[in-house]
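Down below is the structure, laid out as structure tokens.
The values are calculated or read from the model by the stated rules, or taken from the named source; none is laboratory data. It should be emphasised that the depicted structure is a prediction, and the values quoted were computed from it without experimental measurement. We place every Cβ from the backbone using ideal geometry, glycine too, and count neighbours over all the protein chains shown. Ligands, DNA and RNA are excluded from the accessible area calculation, which covers all protein heavy atoms including side chains. Shrake-Rupley method; radii C 1.70, N 1.55, O 1.52, S 1.80 Å.
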Amino acid sequence: MSEQLDSGDDVVRSTGWVFNNVGGRNLTLAEFVATGDDEVPAYLEVFGLRGEHTQGQTLIEIGSGIGRMTCAFTREFGSVIACDLDQGFLERCYETVGKFGKVERLRTLEVVDGRSLNIAAASVDVAFSYITLQHCTVDDALDLAAEAVRVVRPGGRVALNFRGPAPNDILLIPAGKIVRALYHVPLVGGWATRRRALTRLGWQVSRLHPDEVTGPLGPQLTDIQIWTNPNSRLRAHGAEMRTFEGVNPAHWWLVARVATPA
Ligand SMILES: C[S@@+](CC[C@H](N)C(=O)[O-])C[C@H]1O[C@@H](n2cnc3c(N)ncnc32)[C@H](O)[C@@H]1O
């Protein structure tokens, strides 16, 4: 749909809820981008990723969608690589940043296989991903997290958002599988993809505990922090636990520095 619609405003009205769960007939692309403009500085500040020096740095955003946060990233960083599985979203992202960000700082990269980033090792300063890895299978999410670490230079940082395990997963994860199976049923599938409630279930793909991520990646990282909401009961091993009110109670973040190889 994002490819068929005429304007960014139409895309946000029809499919904006895909990205920030906000619906409404009068939504505009400007309002949509404003939500990213609020969130990006807040996360960068809290995670210690903000400062004058970032104007000379490159950030890779894994799962950029149509550019809700990308606009703000192009103001904060000298160079931004927006990655997404969906080439149509990347085209819209380019357009969105052209209107509200610094498009001359933007490059897009299609994640063709959903699990690898086609750029050189140690070629960026920061890898950032928000509300994306939970929509991937566990294997793809772990591969993308490993790719984030691979493409960041030694001493650079990763800030990766995941959704943690919770008791209601017993219902949500199987319901998600059923909805995704429905997508393949002729006629009904197309209808189902445009229903907000069904689609929100269909996105329930994976949950990861911090230990499942820091276990394999820990040896390549230093200064490992796990950020959660203050009300979260999630605990991780071998990481400093930090809290921030802005973190969704179901989410957690891995914020860490990429180690210099021995
Ligand atoms: C909920 S949206 C979030 C977009 C953006 N981070 C934001 O907060 O507005 C998730 C995005 O991740 C993308 N995505 C899902 N799986 C992916 C994968 N395996 N590799 C790259 N992008 C993926 C989707 O196409 C979608 O644009």
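With r defined as the distance between the Cβ atoms of T222 and W191 and R0 fixed at 45 Å, what FRET efficiency is calculated, to the nearest 0.05?
Working from the Cβ atoms, E equals 0.35.
With θ set to phi - 60° and the Karplus curve 6.51 cos²θ - 1.76 cosθ + 1.60, what are the ³J(HN,Hα) couplings of the stretch 50-64 in order, to the nearest whole Hz, using x for Gly and Pro?
Those phi angles translate into 10, x, 4, 4, 5, 5, x, 10, 10, 10, 10, 9, 8, x, 7 Hz.
With both partners inside the chain, how many of the DSSP beta bridges are antiparallel, as a percent to the nearest 5?
Roughly 35 percent of the DSSP beta bridges within the chain come out antiparallel.
Longest span of the chain, sites excluded, free of GluC sites (Glu not before Pro) in DSSP loop with at most 15 other C-beta atoms within 10 Å?
The longest uninterrupted stretch comes out as 4-244.
So, R0 is 30 Å and r is the distance between the beta-carbons of R233 and A181; what FRET efficiency does that work out to, to 0.05?
0.40
In the chain, carbon and sulfur make up what percent of the accessible area (probe 1.4 Å)?
53
Does the stretch 149-262 classify as rounded, prolate or oblate by the C-alpha gyration tensor (a ≥ b ≥ c root eigenvalues; a/c under 1.5 gives rounded; else a/b over b/c gives prolate, otherwise oblate)?
Prolate shape, in that a/c is at least 1.5 and a/b is the bigger ratio.
Figure the gain on full extension for K99 and R25 (residue separation times 0.36 nm, minus the Cα-Cα span) and round it to one decimal in nm.
Length gained between K99 and R25: 24.5 nm.
Which residues make up the longest stretch of the chain clear of trypsin sites (Lys or Arg not before Pro) that lie in a DSSP loop with no more than 13 other Cβ atoms within 10 Å, not counting the sites?
26-193
Where a ≥ b ≥ c are the square roots of the eigenvalues of the C-alpha gyration tensor, would you call the chain rounded, which needs a/c under 1.5, or, failing that, prolate if a/b is larger than b/c, or oblate?
Oblate, since a/c reaches 1.5 and b/c is not below a/b.
What length, rounded to one decimal in nm, is gained on full extension from D169 through to S116, with 0.36 nm per residue of separation minus their alpha-carbon distance?
Separation in residues times 0.36 nm, less the Cα-Cα distance, equals 16.4 nm.
Taking H as built 1.01 Å from N, whose amide H comes closer than 5 Å to the amide H of M241, not counting residues under 5 places away?
Residues meeting the criterion, in which the H sits 1.01 Å from N, are I226.
Would you mind working out the accessible area per residue for the stretch 20-172, using a 1.4 Å probe, and quoting it in Å²?
On a per-residue basis, 41 Å².
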